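Chemist: Below is one structure. I have some questions about it.
Rule-based calculations on the coordinates, nothing more; no lab input. Computed from a predicted model, the values in this text were never measured in an experiment. Positions of Cβ are generated from backbone atoms using ideal geometry, with glycine treated the same way; all protein chains shown enter the neighbour counts.
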Amino acid sequence: MGREGMRAGDSDRQRVADQLKFALDEGRLDLNEYDERVQRAYAARTYGDLDGLLDDLPGAVPPQRARIEPHAAQPVPAPGRPGGHGGGRHTFTSAVAAFVICTLVWAITVVTTGHAYYFWPAWVLIPVVVTGIGAVADRGRRGR
């Protein structure tokens with residue numbers, strides 16, 4: 001009597017069911033095929049019955065025996081210019097450009113309608129001031 005004729009134990013059936021679950025998780029089996037094979041695994045009496053359930057699946061390592069290696073994270077530079085400095089000057093220039101464009105739109109509206117409306121571009125000055133302060137502070141830190 002060879003291995004195929006030997007009776008399989010509960011732990012052997014459970015091992016095959018775990019491998020089938022792993023194959024399902026990898027997408028190698030669909031749910032119906034998985035259900036059918038698991039039922040056959042728990043009904044199997046011999047190693048030959050169990051081996052037939054895994055013959056067409058590639059030998060993959062189950063998660064319990066997989067070796068996990070830590071990933072060394074690479075430092076992420078700060079946004080902005082290469083080298084890790086923030087892009088304070090670029091942000092400040094962009095904010096000033098937005099203010100100028102908004103002021104031009106406001107001026108065109110005033111000229112074409114003949115009415116001096118509320119100067120709403122002043123609200124755009126808030127980020128200009130904030131980024132200006134940030135750019136000056138950044139320059140002071142780099143100067144040290």
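Chemist: Sequence-distant or interchain residues sharing an amide H contact under 5 Å with T46, placed H: which?
Modeler: A8
Chemist: For D51, what charge total do you get from the other residues with a beta carbon under 14 Å from its beta carbon, if Lys and Arg give +1 and Asp and Glu give -1?
Modeler: Result for the neighbourhood of D51: +2.
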